[in-house]
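Read the structure below first, then the notes.
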Amino acid sequence: MNSKWLGKKLMASVRENPNIKLTDICTKAHEKWRAGVSRLKAYRARKIAIALVDGSFKDQYKRLYDYGHEIIRSNPYSTLKIQVQPTQQDVEDNEDGYVSRPLLPSFKRLYMCLEGCKQSFHRCRPFIGLDGCFLKGYYGGMILAAVGKDPNDQMLPIALAVVEGETRESWTWFLELLINDLGGQQVCKKITFMSDQQKGLLPAMDELLPGVEQRFCVRHLHSNFKKKFPGKQLKDIMWKAARASYPQAWEKIMREIRTINEEAHKHLMRIPPRYWSKSRFTEHSKCDSLVNNMSETFNSVILGPRGKPIVTMLEEIRNYLMERWAINRDKMSNLQPGEVLPNIKKKLEKECELSRFWMCRVAGDKIFDVYNINQNGDKYTVNLQTMVCSCRRWMLSGIPCCHAVTSIRARIEDPESYIPSIYRKEAYTRCYEPIIYPTYGQNQWEATNYPDILPPPIKKMPGRPKKSRNKEADEKCRDSTLVSRKGTTN
């Protein structure tokens, strides 16, 4: 019983459970074949079984051009770009003047944007989250992804790229292809982009889309802020400043921060408020999000595929998108025509609950003076005819704020009637109308005339390779059996 034989026998078990434990393999070998297996042999057998199920990391690069051709055949008007680089030996041979056999190019980058994703995004709000995450396979690398928001405030993946690292060059390459897919520079200048201030992304955005509206994820801003200025008081007041919806409220909160900690105030003032505070956000995107949760959600969804060979990974992601589009296409069939979508209803219910603390006086036809019943000085003006509130929250999100709800109820009307069409059933149905089509199996792929691709150069770091990243002390644990690091000193 060698590891190669055992690996073939474990294919079915690995296909059902890719994370099968070594002790389970040893137990199975003992019970089924009455043979003792060491942990090292079980590890080698599991590795062989995974390679047989998912494919070899090295061999799958050879069929990348064939896979790209199959994607374009099955999903016309999609974009799949592959960038290769000469091997190191090619360069040395050319410099020395030797004539040798031509070497195959090695993989550098890949970009994929399915036509169904493009069409769906054009039917949603102009808002995109950009983020990167590490690949956990043998050759490493990163995935850069662009994710939008659908009418029900859920993630809508648009495009992704497999690159060598998070650099200005790789972000520029990814953004150039994304801008071309979405309609060019003039169209993309009307889109709001949110990111986590990744290395290389900001100069790439300034180069390709100068003046476009950008937002920084406040959760990541606070992660950097708390390293210099820890404490719950400063954390709460920073988030309060980020949530301030008009300039005067933001300025008042910033004065409070200055009285608490002068250096913290200077640190925040170095970041222009148009990047992180609702008080300076524009209203055309109809999205008041302060965090890049949609990108984080997509990264967690592809957590499993990120550790697999490149073709298997891309195909699993495409399969996920295909199934997601098909499920969402029928998801809201039980809603009545024109009905508001569930997640938007929840937001409106919260505003209706907050409206208990507000009263209004009629100032004119559909114009109201709304004030706080606790008489704390808060007072706003609501114009139902133009759907404007002086707190700006209604215009930022498109969902009536608590002040607007108070005014609407004063007219004995339903707040849901003021929800725009972008949050209703018809918008959701249009969003997921495009179809992401299935592909043939590898045996039916057409063989292209392009040369085979070698894997990218391996950049091995010292020490044991890590499968999971180090979490922050205040991050929630995914598994309820794990203890949080909150309060620990190291």
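The values are calculated or read from the model by the stated rules, or taken from the named source; none is laboratory data. All of these numbers come straight from a predicted model, not from anything done at the bench. Neighbour counts run over all protein chains shown; Cβ positions are idealised from the backbone, glycine included. Each accessible area value is taken on the protein alone, full model and side chains, heavy atoms only, with ligands, DNA and RNA left out. Shrake-Rupley method; radii C 1.70, N 1.55, O 1.52, S 1.80 Å.
To keep it simple, each residue is scored yes or no on (1) in contact (Cβ under 8 Å) with a residue 12 or more places away in the chain; (2) crowded, with 19+ Cβ neighbours inside 10 Å; (3) of a type in the set (S, T, Y); (4) in contact with a Phe, Trp or Tyr (Cβ under 7 Å, 6 or more places away or on another chain).
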| residue | (1), (2), (3), (4) |
| --- | --- |
| T259 | no, no, yes, no |
| P272 | no, no, no, no |
| S277 | yes, yes, yes, yes |
| I317 | yes, yes, no, no |
| P337 | yes, no, no, no |
| L341 | yes, yes, no, yes |
Checklist entry - Mind checking whether some residue in segment 11-23 is at pLDDT below 90 and under 30 Å from P451 (Cβ atoms)? => result no
Checklist outcome for this item: Of the conditions (1) closer than 23 Å to L110 by Cβ; (2) assigned to a helix (DSSP H, G or I); (3) not aliphatic (A, V, I, L, M), the single one that Q186 does not satisfy is (1)
Checklist entry - Looking at segment 403-441, which of its residues are in contact (Cβ under 8 Å) with a residue 12 or more places away in the chain, surrounded by fewer than 16 Cβ atoms within 10 Å (Cβ to Cβ) and either among the aliphatic types (A, V, I, L, M) or in contact with an Asp or Glu (Cβ under 8 Å, 6 or more places away or on another chain) (or both)? => result I435, Y440
Next on the checklist: Restricting to segment 201-220, give me the number of residues that are under 19 Å from the mean Cα position of the chain (by Cα) and open to solvent by 10 Å² or more (accessible area, probe 1.4 Å).
Outcome noted: 6
Next on the checklist: I'm checking my understanding of the structure. Among residues of segment 24-60 that are within 24 Å of I458 (Cα to Cα) and among the small types (G, A, S), which one is modelled with the highest pLDDT?
Outcome noted: A45
Checklist entry - T448 versus (1) over 30 Å from K62 (Cβ atoms); (2) polar (S, T, N, Q); (3) open to solvent by less than 60 Å² (accessible area, probe 1.4 Å); (4) not in a helix (DSSP H, G or I): which is the lone unmet condition? => result (1)
Checklist outcome for this item: Checked segment 1-35 for anything over 16 Å from L52 (Cα atoms), in a helix (DSSP H, G or I) and among the hydrophobic types (A, V, I, L, M, F, W, C); matches are L22, I25, C26, A29, W33
Item to check | Which listed residue is among the aliphatic types (A, V, I, L, M), out of contact with any strand residue (DSSP E or B) (no Cβ under 8 Å at 6 or more places or on another chain) and open to solvent by 70 Å² or more (accessible area, probe 1.4 Å), from L40, L22, L10, L6 | outcome: L40
Item to check | segment 279-304, residues that are touching a residue at least 24 places away in the same chain (Cβ under 8 Å), of a type in the set (S, T, Y), under 19 Å from R219 (Cβ atoms) and open to solvent by 20 Å² or more (accessible area, probe 1.4 Å) | outcome: T297
Item to check | Residues of segment 30-60 satisfying the condition of being under 42 Å from the mean Cα position of the chain (by Cα) and of a type in the set (G, A, S) | outcome: S38, A42, A45, A49, A51, G55, S56
Checklist entry - Exactly one of (1) open to solvent by 20 Å² or more (accessible area, probe 1.4 Å); (2) hydrophobic (A, V, I, L, M, F, W, C); (3) closer than 30 Å to K47 by Cβ is unmet by I310. Its number? => result (1)
Checklist outcome for this item: In segment 349-382, residues that are surrounded by 11 or more Cβ atoms within 10 Å (Cβ to Cβ) and small (G, A, S) total 2
Next on the checklist: I'm trying to understand the selection: among the residues of segment 367-389, which are within 27 Å of P420 (Cβ to Cβ) and assigned to a loop (DSSP other than H, G, I, E, B)?
Outcome noted: D378, L384, Q385, T386, M387
